[in-house]
Amino acid sequence: MSRHESWPRLTLASGPVDVPSETLRAMQQPMVYHYDPVFLETFRRVESLAKRVFQTDYDVIVMQGEAVLALEAAAASLIRPGDTVLNLVSGVFGAGYAGWIERYGGTVIELRTEFNDAIEPERVRQALEKHPQIDFLSVVHCETPSGTMNPVGEICRIAKEFDVITIVDTVSGLGAEDFSPESAGIDVAVVGPQKCLGGVPGLAMVSVSPEAWERMASRPDPLVGSYLSMLDWKHSWIEQGRFPFTPSVADVYALEATLRQAVEEGMTAMAYRHQTIAKAARESVRALGLTLWAARDEIAAPGCTAVATPNGIEADELIRTMRERYGVMISGGYGELTGKLFRLGHMGMAAHPTTLFAQLGVLERALLDLGFPITPGAGVGAAVESLAGWDDQQHEVREAPV
Ligand SMILES: *Cc1c(COP(=O)(O)O)cnc(C)c1O
């Protein structure tokens, strides 16, 4: 096999991520009929585990497509011609949401910031005061491509003061921060298993508040009988225990394993683990003389660390060197951020000292291979220092670092 065709040694991309062998084994359970009692019970268990992972009493539906399906489904199910949506844009996914709002007839009012920054809640309040016709607010929790976080709790609680329904892309936010949709004012929260939860891509989980259900159902033309319909899941699965169509049996097995692992770890512990590793990654980046992409540490993502591409190096070339010479796959920029940054990955299983140390060592070696001057060991050393006191046996109940 040529080097191009060999498996990576470490997948440290910003989703999909490497998954525990337990999850892979779960996918090999028998391919049963989806109305077999075994599968019906499995799906019920997945539903109740998902509620524990979302820390919610809202309904959580499992849509049978990757996260993008649920993001579009939220727009399709809620937004109608004549509706006005305040769309917050601090990165590639926020910018992209405008397309769905418009496709379903909504009028977009955009609040934008630089793609290395976060939306200020006070600006949201001003926009809501200025435009009382706003029906919905859409925001991305963690802008994965730029490694930044928006303060969605503060933002959505303000929106609720104005009776605005909130749609949150927290595809890579759940597990990175400890929150519940109820306390964060989130009516529709979309999550993908393949990011901080450390699961397999292919399904989307969505928590839906009673207000959001009511809004979907009370339209003059409720969206039903569609792959994009959330109401179909409510009417068939939640109310009658039927599936609107064939669910992805093997993906559901994987999701059950992923959710069980999350419940065993605890959501506070999971967020703490991601935040602690991210802090160490940022300290390493600085120790190497590189520049963080995020404008401030407080808004840097817990699941990946975006680093501005240093002068004299092509991001592509660095990523290729890490992959081809050392078998380590990391993510670059995406959309308009392509070439401007590369991302250290620490989502799911990769949010652990072992993987961070290895990743930083390979990053340092690859930078030197490309002739970029760094002090060997500077980045690894900073991470080693930052992670003093780490203990797999008791990392859960300490306070998360800033
Ligand atoms: C990964 C991601 C998506 C898209 O998810 P896929 O299902 O993998 O296409 C959407 N939004 C954010 C913020 C993401 O990180």
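The values are calculated or read from the model by the stated rules, or taken from the named source; none is laboratory data. Because the structure is predicted, anything quoted here is derived from the model rather than measured. All Cβ positions, glycine included, derive from the backbone under ideal geometry; neighbour counts span all protein chains shown. Keep in mind that these areas ignore ligands, DNA and RNA; they rest on the heavy atoms of the full protein, side chains included. Shrake-Rupley method; radii C 1.70, N 1.55, O 1.52, S 1.80 Å.
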Item to check | Per-pair calculated FRET efficiency, R0 = 25 Å: residue 334 and residue 114 via Cβ, rounded to 0.05 | outcome: 0.95
Checklist entry - Looking at segment 21-106, which GluC sites (Glu not before Pro) are DSSP coil and have at most 13 other C-beta atoms within 10 Å of their C-beta? => result none
Item to check | For segment 136-207 and segment 291-359, distance of Cα centres in Å | outcome: 22
Checklist entry - How far apart, in nm, are the 7 Å Cα→Cβ label points at residue 236 and residue 317? => result 5.3
Next on the checklist: Just to confirm, what accessible area per residue do you get for segment 288-402 at 1.4 Å probe, in whole Å²?
Outcome noted: 46
Checklist entry - Which loop-located GluC sites (Glu not before Pro) does segment 294-402 contain, where loop means any DSSP state but H, G, I, E or B and the Cβ has at most 15 other Cβ atoms within 10 Å? => result 314, 396, 399
Item to check | Estimated FRET transfer efficiency (residue 21, residue 131; beta-carbon r; R0 51 Å; 0.05) | outcome: 0.50
Checklist entry - Which percent, nearest 5, of DSSP beta bridges in the chain are antiparallel? => result 50
Checklist entry - What's the extension gain from residue 182 to residue 263 if we count 0.36 nm per residue and subtract their Cα-Cα distance? => result 27.3 nm
Item to check | Cross-link partners of residue 234 among lysines (Cα-Cα below 18 Å; sequence separation of 8 or more within a chain) | outcome: 51
Item to check | For segment 100-114, 3J(HN,Hα) per residue [Karplus equation, 6.51 cos²θ - 1.76 cosθ + 1.60, θ = phi - 60°, Hz, x = Gly/Pro] | outcome: 6, 4, 6, 4, 9, x, x, 9, 9, 10, 9, 10, 10, 9, 4
Next on the checklist: Where in the chain is the longest stretch that carries no chymotrypsin sites (Phe, Trp or Tyr not before Pro) classed as loop by DSSP and with at most 12 other Cβ atoms within 10 Å?
Outcome noted: 36-244
Item to check | Nearby aspartates and glutamates by direct alpha-carbon distance to residue 195 (threshold 18 angstrom, same-chain neighbours under 8 apart not counted) | outcome: 18, 22, 66, 143, 169, 177, 178, 251, 256, 264, 265
Checklist outcome for this item: Between the residues 136, 356, 388, the Cα farthest towards the positive end of the dipole of the chain, that dipole coming from +1 and -1 charges on the beta-carbon of Lys, Arg, Asp and Glu, is from 356
Checklist entry - Between residue 214 and residue 370, what length in nm is gained on full extension when 0.36 nm per residue of separation is reduced by their alpha carbon distance? => result 50.5 nm
Checklist outcome for this item: So the carbon and sulfur contribution to the accessible area of segment 256-402, 1.4 Å probe, in percent, is 50
Checklist entry - Under the Kirkwood approximation for Rh and a Cα-based Rg, what ratio Rg/Rh is obtained for segment 235-386? => result 1.10
Checklist entry - Once both labels are modelled 7 Å past Cα along the beta-carbon direction, what's the residue 296-residue 248 spacing in nm? => result 3.8
Next on the checklist: How far apart, in nanometres, would the label points at residue 44 and residue 227 be if each is projected 7 angstrom from Cα along the Cα-to-Cβ direction?
Outcome noted: 3.0
Next on the checklist: I need the trypsin sites (Lys or Arg not before Pro) found in segment 54-160, filtered to DSSP loop residues with at most 13 other beta carbons within 10 Å of theirs.
Outcome noted: none
Checklist entry - Which angle from 0 to 90°, rounded to the nearest 10, does the C-alpha axis of helix 67-78 make with the longest principal axis of the chain? => result 30
Checklist entry - Mind listing P(r) for the chain? All alpha-carbon pairs, 10 Å bins, whole percents. => result 5, 23, 31, 25, 13, 3, 0
